[in-house]
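The values are calculated or read from the model by the stated rules, or taken from the named source; none is laboratory data. Predicted model only: the values in this text are computed from it and were never measured. Every residue, glycine among them, receives a Cβ derived from its backbone with ideal geometry; neighbour counts consider all protein chains shown.
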Amino acid sequence: MRRSTAAAVGTLTGAALIVGVRLSVSAPAVPAAAPPAVDLAGSGQDAPPSKKPSGKKPSNSDSSDADADSSSEGAAGGTGLKNGIFKGTAVKNPYGTIQVSIRVEGGKITAADATYPTTADSATINPPAIASLKQSTVQSQSADVDAVSGATFTSESYVKSLQAAIDKANA
Amino acid sequence: MHHAEHVMGTVVSIDLADDLPAPVLRAMIGDVCSWLHEVDRRFSTYRDDSEVSRLRRREIDVSDCSADLRHVLEACADLWRETDGYFDAYAAGPLDPSGYVKGWSVEVASARLAEAGSVNHCLNAGGDIRARGLSAKGEPWRVGIRHPWEPDKLSWVLAVTDRAVATSGIYERGDHVFNPRTREPAHGLRSVTVVGPDLALTDAYATAALAMGEAGLAWLAKLTPEGYESAAVTDDGRAFTSSGLPTAA
């Protein structure tokens, strides 16, 4: 479910803002032009062809073939948008997971929202959780240690490693 | 007593700090080494006659596999689900459980040592560590985390007892960690260290978080309630640590 689209995502506020701005400018463009943050399909290339957007929509509209439940789809409006509530795929970014949803009525987007999942499982990756990771710049130090943890070295690169020096000192 | 053994394509450093007669310690080290070589023979993808290679060629069926290999396959499947597919024993195509086997085999080695009477030891398999009890100084084991850009420097020093410390990074073997979703080399994070009770899992979690890229930070934060602390460095040098990371005073 997670797409590697997180990079383009700002914060929840940012994503909501994008939706909000798009909403006020041109409703039909919302799902289409919204960047990965509001990848409403989340399924772009995976979506069956039948769900591809119609010609009325902008060509760059991977995100408009929403994976909405068919039950929530209403009659197509004049703008080519179907009525209903469309939830985007939950997208992870460094600040947590967000999910964008829009409501379409009469072919127009009448509401847009972005939420952090609130289930017990995902509640731990909301902003407070990511904030629990302390951020700093990477430090550089030399210290007396018993062992060194690092990316796995090969038998060949071992000789140049700090661990080899420790082993030598203890031999 | 110290020993460094070349096995499984890397070097495993064995440090026994128990006050036991030298012949006893030597025998314990010998047992650990024979177990690790046995694991290499049975699970290496580089050996045509290993059980894993035979399973790959479908000469044997999963039901014919040893209990150990069935455990490894089940653990890999569990981890695949638990990590949203980012820990993937099939990331490179054919089955390659090496990412689980190394940590698991050292975890088993440590448990066997404890059973045999060594309750103070530190095993380091090429950078992935399982420490038990106290060091010869009577203090928690001091474990340095390699600086992701300066090979001879440390970015953190931890003090651990009965903990596993595993680090995945892209600096040692180049772009060898792939994002299984995109089949592209992972980027965003340069180094991920996970500290927890079990080396097989800490190792797999570190690998999965690295493959996720920067989204791995949020995923790591999610692990802390389960007792897995973390320290990660992004490509651009930002460092993130969980609040319970056991840094040395």
Check: Are any residues in region B:30-51 of a type in the set (Asp, Glu) and either surrounded by 12 or more Cβ atoms within 10 Å (Cβ to Cβ) or touching a residue at least 12 places away in the same chain (Cβ under 8 Å) (or both), and if so, which ones?
Finding: B:Asp31, B:Glu38, B:Asp40, B:Glu51
Check: Can you name the residue in region B:147-185 that is of a type in the set (Ser, Thr, Tyr) and at pLDDT below 90 and, of all such residues, is surrounded by the most Cβ atoms within 10 Å (Cβ to Cβ)?
Finding: B:Tyr171
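Let's see how each residue does on (1) surrounded by fewer than 24 Cβ atoms within 10 Å (Cβ to Cβ); (2) within 14 Å of chain A (Cβ to nearest Cβ); (3) not in a loop (DSSP other than H, G, I, E, B):
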{"position": "B:Ser53", "(1), (2), (3)": "yes, no, yes"}
{"position": "B:His71", "(1), (2), (3)": "yes, no, yes"}
{"position": "B:Pro94", "(1), (2), (3)": "yes, no, no"}
{"position": "B:Ser105", "(1), (2), (3)": "no, yes, yes"}
{"position": "B:Cys122", "(1), (2), (3)": "no, yes, yes"}
{"position": "B:Ile145", "(1), (2), (3)": "no, yes, yes"}
Margin query: Condition (residue is at negative phi and in contact with a His (Cβ under 6 Å, 6 or more places away or on another chain)) applied to region B:20-34: is it met by at least one residue?
Written below: yes
Notebook entry, point to check: Restricting the search to region A:129-156, which residues are more than 7 Å from every other protein chain (Cβ to nearest Cβ) and hydroxyl-bearing (Ser, Thr, Tyr)?
Noted result: none
Next item on the list: Could you figure out which of (1) closer than 15 Å to B:Pro148 by Cβ; (2) buried (at least 21 other Cβ atoms within 10 Å of the Cβ) isn't true of B:Asp236?
Entry: (2)
Next item on the list: Inspect region B:183-205 for any residue being at the interface with chain A (Cβ under 10 Å from one of its Cβ atoms), in a loop (DSSP other than H, G, I, E, B) and in contact (Cβ under 8 Å) with a residue 40 or more places away in the chain and give the result as yes or no.
Entry: yes
Notebook entry, point to check: Which of (1) more than 7 Å from chain A (Cβ to nearest Cβ); (2) in a loop (DSSP other than H, G, I, E, B) does B:Asp152 not meet, given it meets every other one?
Noted result: (1)
Item checked: region A:113-148, residues that are out of contact with any Phe, Trp or Tyr (no Cβ under 9 Å at 6 or more places or on another chain), modelled with pLDDT of 65 or more and assigned to a strand (DSSP E or B) -> A:Thr137, A:Val148
Next item on the list: Name every residue in region B:4-16 that is under 16 Å from B:Trp141 (Cβ atoms) and within 9 Å of another protein chain (Cβ to nearest Cβ), in order of residue number.
Entry: B:Ser13, B:Asp15
